[in-house]
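For reference, the structure discussed in these notes is given below.
The values are calculated or read from the model by the stated rules, or taken from the named source; none is laboratory data. These numbers come from a predicted model, not from an experiment. In this analysis, Cβ positions are derived from the backbone assuming ideal geometry, glycine residues included, and neighbour counts consider all displayed protein chains. For accessibility, only protein heavy atoms count, side chains too; no ligands or nucleic acids. Shrake-Rupley method; radii C 1.70, N 1.55, O 1.52, S 1.80 Å.
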Amino acid sequence: MKKRIVHSFLVGLLAVGILTACSQEGSTTEDETNTNEDGTVTITTARTLDDGTVFKDGEDVHDNVVTRWAEEELGIKFVTEWTQPNDEQFNTQLRLMMSSGEKLPDVFQVNDTAIKADLLASGLVMPVDEAIETYASPRLKQLFEQFPQAFYPSTKDGVRYGIPRFSGGNGSDTLLWIRQDWLDKFDLEPPTTLEELEHIMDVFVNEDPNETGKNDTIGITFAAGDYGFRGGNIADSSWVFGAFGDFVPGAWSKGDDGSLVYGSIQPSVKDGLAKIHEWYEKGYLATDFAILSAGDAQESFISGRSGIMAAPPWAHGYPIGEMAQVVPDAIVKPFPHVSGPNGQAGRRGEGYVVGSFLFNKDFEHMDKFFEYWDAIYGYTFGESDYFEYGLFEGYDYVMEDGEPVYDHAQFEEITGEEVVDPGRYFLPTNVPTIPFEMYSLLEEFHETGREPKTGYEAGLAGRDPDYIEAAAIVNRQNDLRIINEFNGPPTPTMVSRSEHLERMEDELFVDIIYGNKPLDAFDQFVEEWRQSGGEAITEEVNEWYESVQQ
């Protein structure tokens, strides 16, 4: 089987605080957007700046190793006009600027599809088709052609307005993390089927694996308090539904006729609900899993009360890495998703894009943007004029006896400083990615043990062995990916009806799992969903899907 690889009140409430708290950090004059006397070009921007971005002493968002590199090597002076700590506040400030007629930055990244659609309709941002044709390097053009769907969220009337910020492709896809020490304690083999997994869960619940003498363990950690069953990756449950069919809740996937259909109303999802209800009845799940956020649910795994949790490879560091402080002797290992009764398996797949770069309609230096974009992509491509061993010496690597050192412990011993990630200083707030490239390389390192050839590869090859193994497992199961093919703005009926439909879906799914309603209530839900706006939404989604592919 092959899966398809995919407010006015708020503004009023926050306006005073945001306009006061947001830095006036370097607001530019009109003249500063022109070429400067020394030949450098000033490009203004704005960005989210969360706690994950750590600067060396003496550096900040305005002056750091990346801004100095861009100015010295490329002749680009980046001016960050303002920052916000998260996307919600970032989007609110953009809306305030749009409504007040304030000049937008030259280039900025937008992740939310609704505000992106408003910006495209506003006439304040420029089309990019001509700039791509004129200024993008051959390797960037090839990348854009390889993943055309990454442009869908920023396409209007057949015209592209944004440059995609690609995701890792499968970087947040999940696999199973299981207590290996518990498996060993009971001489259990790793599971390959739902039936085998159920046997393991039964042992984990009923055989006192943590040796407390109490009935205080669960089989598996699930979280449905954030998005219901429609999303999330920590304590994910999508793979249960994927074991019964080609659809997962919340995702718009291709049906038999090639049109997009809503996963939550497909018959195979009913089978998945039946299975989760069975697990709940047997005590394999936390009794309150339906209201637990991912952050709350993960505590059962970290604290040693749960033996299984689905999460992406990066969860090895956090939250799973936190377990060492609570249960020092615990051994957690990554395993593939299991298959269902008919040998089928599936998981929710990450989309191809996490955001888009939009450009002020009056921006005059698309040539310099693409020069910058190609230069930093060179690091990922492994064909860089600037980053031979890594990004910046003394940040992500250090030279010793003429050789680069990437190991964090060695780095800190040599320099007396902690490793910092200068990739977070770049305009995209991280090193740009190529979908599926990173985990493909990690799988290759895991399977062949070959030596890395570039700084980018060396940084990957130096990761924790369990993380590398997890990435290899995820990459080997890419054919299981079930992605959301709809990545456009909310349709008209979604705006008016989605809240009601999602609440109806969440309540029904939980009622079935808890046994408050019979499984056949699913069929009535499907009909009510269609009649309460779902049919109209389906038509609108497919109209959008046809329009962006033209």
Matching strands (runs of 3 or more DSSP E) fully within segment 311-407 where at least 2 residues are surrounded by 20 or more Cβ atoms within 10 Å (Cβ to Cβ): 332-335, 347-349, 353-359
Given the structure, is Leu74 farther than 21 Å from Pro492 by Cβ, more than 26 Å from the chain's Cα centre (by Cα) and open to solvent by 20 Å² or more (accessible area, probe 1.4 Å)? no
Test each condition in (1) under 24 Å from the mean Cα position of the chain (by Cα); (2) over 22 Å from Arg179 (Cα atoms) for Val338 and report the one that comes out false. (2)
Count of segment 287-310 residues which are part of a loop (DSSP other than H, G, I, E, B) and surrounded by 23 or more Cβ atoms within 10 Å (Cβ to Cβ): 1
Here is a list of conditions, (1) modelled with pLDDT of 95 or more; (2) surrounded by fewer than 20 Cβ atoms within 10 Å (Cβ to Cβ), and Pro435 meets all of them except one; can you say which number that is? (2)
Any pair with Cβ under 7 angstrom, 6 or more apart, that starts in segment 56-84 at a residue that is under 14 Å from Asp38 (Cα atoms) and among the basic types (Lys, Arg) and ends at one that is part of a loop (DSSP other than H, G, I, E, B) and open to solvent by less than 20 Å² (accessible area, probe 1.4 Å): Lys77/Thr40
Please work out which residue is least open to solvent (accessible area, probe 1.4 Å), limiting yourself to segment 96-118 and to residues that are aliphatic (A, V, I, L, M) and out of contact with any Lys or Arg (no Cβ under 9 Å at 6 or more places or on another chain). Val107
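Table: residues versus (1) over 22 Å from the mean Cα position of the chain (by Cα); (2) assigned to a helix (DSSP H, G or I); (3) over 29 Å from Asp51 (Cα atoms).
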{"site": "Thr83", "(1), (2), (3)": "no, no, no"}
{"site": "Phe90", "(1), (2), (3)": "no, yes, no"}
{"site": "Gln93", "(1), (2), (3)": "yes, yes, no"}
{"site": "Leu96", "(1), (2), (3)": "yes, yes, no"}
{"site": "Glu102", "(1), (2), (3)": "yes, no, no"}
{"site": "Asp118", "(1), (2), (3)": "yes, yes, no"}
{"site": "Ala121", "(1), (2), (3)": "yes, yes, yes"}
{"site": "Glu130", "(1), (2), (3)": "yes, yes, yes"}
{"site": "Thr134", "(1), (2), (3)": "yes, yes, yes"}
Tally time: how many residues in segment 137-182 are within 21 Å of the chain's Cα centre (by Cα), among the polar types (S, T, N, Q) and assigned to a loop (DSSP other than H, G, I, E, B)? 4
From the set of residues in segment 86-95 that are touching a strand residue (DSSP E or B) at 6+ places or on another chain (Cβ under 7 Å) and open to solvent by 30 Å² or more (accessible area, probe 1.4 Å), which is nearest to Leu358 (Cα to Cα)? Asp87
Which one of the conditions (1) open to solvent by less than 60 Å² (accessible area, probe 1.4 Å); (2) not in a loop (DSSP other than H, G, I, E, B) does Glu412 fail to meet, given that it meets all the rest? (1)
Given the condition touching a Leu at 6+ places or on another chain (Cβ under 6 Å), under 29 Å from Thr67 (Cα atoms) and open to solvent by less than 40 Å² (accessible area, probe 1.4 Å), answer yes or no: does some residue in segment 442-454 qualify? no
Of all residues in segment 471-492, count the ones that are touching a Pro at 6+ places or on another chain (Cβ under 8 Å), more than 17 Å from Thr155 (Cβ to Cβ) and open to solvent by 10 Å² or more (accessible area, probe 1.4 Å). 2
Flagged pairs (Cβ under 7 angstrom, 6 or more apart or on separate chains; first in segment 420-435, farther than 14 Å from Ile163 by Cβ; second basic (Lys, Arg) and open to solvent by 10 Å² or more (accessible area, probe 1.4 Å)) are Val420/Lys56; Thr429/Arg47; Asn430/Arg424
Qualifying position, being aliphatic (A, V, I, L, M), assigned by the TED database to the domain that holds Trp252, under 30 Å from Tyr152 (Cα atoms) and touching a Leu at 6+ places or on another chain (Cβ under 7 Å), among Val526, Val541: Val541
Quick one: Asp208 ticks every box in (1) at positive phi; (2) in contact with a Lys or Arg (Cβ under 8 Å, 6 or more places away or on another chain); (3) open to solvent by less than 20 Å² (accessible area, probe 1.4 Å); (4) not aromatic (Phe, Trp, Tyr) bar one, so which box is it? (3)
